[in-house]
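Q: Below you will find the structure I want to go over with you.
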Amino acid sequence: MIRRAKVMLSSLSGKVAIVTASTDGIGLAAAQALGQRGAHVVVSSRRQSNVDKAVALLQSEKIQVTGTTCNVGKSEDRERLVNMTVEHCGGIDILVSNAAVNPFFGNIMDSTEAVWDKILDVNVKAAFLMTQLVVPHMEKRGGGSVVFVSSVAGYQPMQALGPYSVSKTALLGLTRALAPELAQSHIRVNCVAPGVIKTRFSQALWQDEDIVDEFKKQLSIKRVGEPEEIGGVIAFLCSKDASYITGETITVTGGMSCRL
Ligand SMILES: NC(=O)c1ccc[n+]([C@@H]2O[C@H](COP(=O)([O-])OP(=O)(O)OC[C@H]3O[C@@H](n4cnc5c(N)ncnc54)[C@H](OP(=O)(O)O)[C@@H]3O)[C@@H](O)[C@H]2O)c1
């Protein structure tokens, strides 16, 4: 008799996951993917109404979820998010640092100090400072997983998005800088670099057919990506299936040739 092997998805049951900027787009898709694998997800963003909507959606999908507001650019918000998670969920195993802003389009030489401060504060510094806050809690659990959301623009700066692109390159470096230090605590640090994904953030890129046609020339898979296609990769990186992967960035771009 042929015994059929049981196919089992790597489970995240019992794990607690903080996903920042998770009431829409890629963050929400990451929360769904982690939740579908059994994790208790903590969703947050700046607006309470968005948090309420995301919590209701995830609950309707039978995902264990807690929601709160958090602007990752504010230290008091970051601390409140972490403290609330520990009090409410008993610990932290996973951090997906997904928040980013882009307040500037144009020639990089026209960007101001205020633009750089905002972009670096939210996109880079907050990613590190969130990591610094969660690591002691992961250590108490015997390990954990951190995933940063960078961008293909981190490898190849996009036209008119100079400062944003530079902030995304910094996350590739942050991944590499943290991975060896945190491996001692059994914490893996990885990164995803999405291409053009259909979300509100990237509306300007995918709503204009001429721009989409131009992008498609660079793609092997001739379409814009969906948030779920990033969420699944993030959940994989947080799972046991990725237990020997750290310090790595996975590009999810439909085959854009941004790196070897
Ligand atoms: N879409 C793409 O093509 C693409 C490509 C490469 C990389 N990415 C990266 O993917 C990440 C997510 O982008 P997305 O496209 O999914 O965006 P999105 O669909 O527009 O969602 C943005 C989310 O971030 C929240 N948010 C914005 N500023 C925040 C802040 N300061 N603190 C906390 N939450 C904040 C928003 O909610 P509130 O308004 O309630 O705060 C919302 O939930 C970003 O890091 C972006 O750089 C996106």
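Q: For the range 62-84, what are the residues that are in a loop (DSSP other than H, G, I, E, B) and either touching a residue at least 40 places away in the same chain (Cβ under 8 Å) or within 17 Å of Gly35 (Cβ to Cβ) (or both)?
A: Lys62, Ile63, Gln64, Cys70, Val72, Gly73, listed by residue number.
Q: A further question follows. With the checklist (1) under 24 Å from Cys191 (Cα atoms); (2) away from the ligand (no atom under 16 Å from the Cβ); (3) in a helix (DSSP H, G or I); (4) of a type outside the set (A, V, I, L, M, F, W, C) in hand, flag the one item Gln59 doesn't pass.
A: (1)
Q: Continuing with the same structure: If you go through the range 105-113 one residue at a time, do you hit one that is near the ligand (Cβ under 9 Å from one of its atoms), in contact with a helix residue (DSSP H, G or I) (Cβ under 7 Å, 6 or more places away or on another chain), in a loop (DSSP other than H, G, I, E, B) and not basic (Lys, Arg)?
A: No: zero hits.
Q: Give the range 32-45 a look and list any residue that's of a type outside the set (S, T, N, Q) and under 16 Å from the mean Cα position of the chain (by Cα), or say none.
A: Residues satisfying the conditions are Ala33, Leu34, Gly35, Ala39, Val41, Val42, Val43.
Q: Shifting gears a bit: Taking the residues in the range 116-155 that are hydrophobic (A, V, I, L, M, F, W, C) and more than 15 Å from the ligand (Cβ to nearest atom) as candidates, determine which candidate is nearest to Ala170 (Cα to Cα).
A: In this case the residue turns out to be Trp116.
Q: Looking at Ser49, Ser13, Ser44, which one is without any contact (Cβ under 8 Å) to a residue 60 or more places away in the chain, within 12 Å of the ligand (Cβ to nearest atom) and outside any helix (DSSP H, G or I)?
A: Just one listed residue meets the conditions, Ser44.
Q: With the structure loaded, tell me whether Ser145 is in a helix (DSSP H, G or I), at pLDDT 95 or above and either surrounded by 22 or more Cβ atoms within 10 Å (Cβ to Cβ) or in contact with a Pro (Cβ under 8 Å, 6 or more places away or on another chain) (or both) or whether it fails that test.
A: The answer is no for Ser145.
Q: Right, next: In this structure, is Met138 under 25 Å from Ala29 (Cα atoms), free of Cβ contacts under 8 Å to residues at least 12 places away in the same chain and of a type in the set (A, V, I, L, M, F, W, C)?
A: Against the criterion (under 25 Å from Ala29 (Cα atoms), free of Cβ contacts under 8 Å to residues at least 12 places away in the same chain and of a type in the set (A, V, I, L, M, F, W, C)), Met138 does not qualify.
Q: Can you name the number of the only condition in (1) surrounded by fewer than 23 Cβ atoms within 10 Å (Cβ to Cβ); (2) more than 8 Å from the ligand (Cβ to nearest atom); (3) of a type outside the set (A, V, I, L, M, F, W, C); (4) modelled with pLDDT of 95 or more that Gly67 fails?
A: The number of the failed condition is (1).
Q: Something else: Output the number of residues of the range 85-104 satisfying the condition of being closer than 25 Å to Met138 by Cα and part of a loop (DSSP other than H, G, I, E, B).
A: So the answer is 7.
Q: Check Ala177, Ala193, Ala204 and return the single one that is surrounded by fewer than 17 Cβ atoms within 10 Å (Cβ to Cβ) and either among the charged types (D, E, K, R) or under 18 Å from Glu248 (Cβ atoms) (or both).
A: When all the criteria are applied, what remains is Ala177.
The values are calculated or read from the model by the stated rules, or taken from the named source; none is laboratory data. Note that the structure is predicted; figures quoted are calculated from it, not measured. Here the Cβ is made from the backbone with ideal geometry for all residues, glycine too, and neighbour counts use every protein chain on show.
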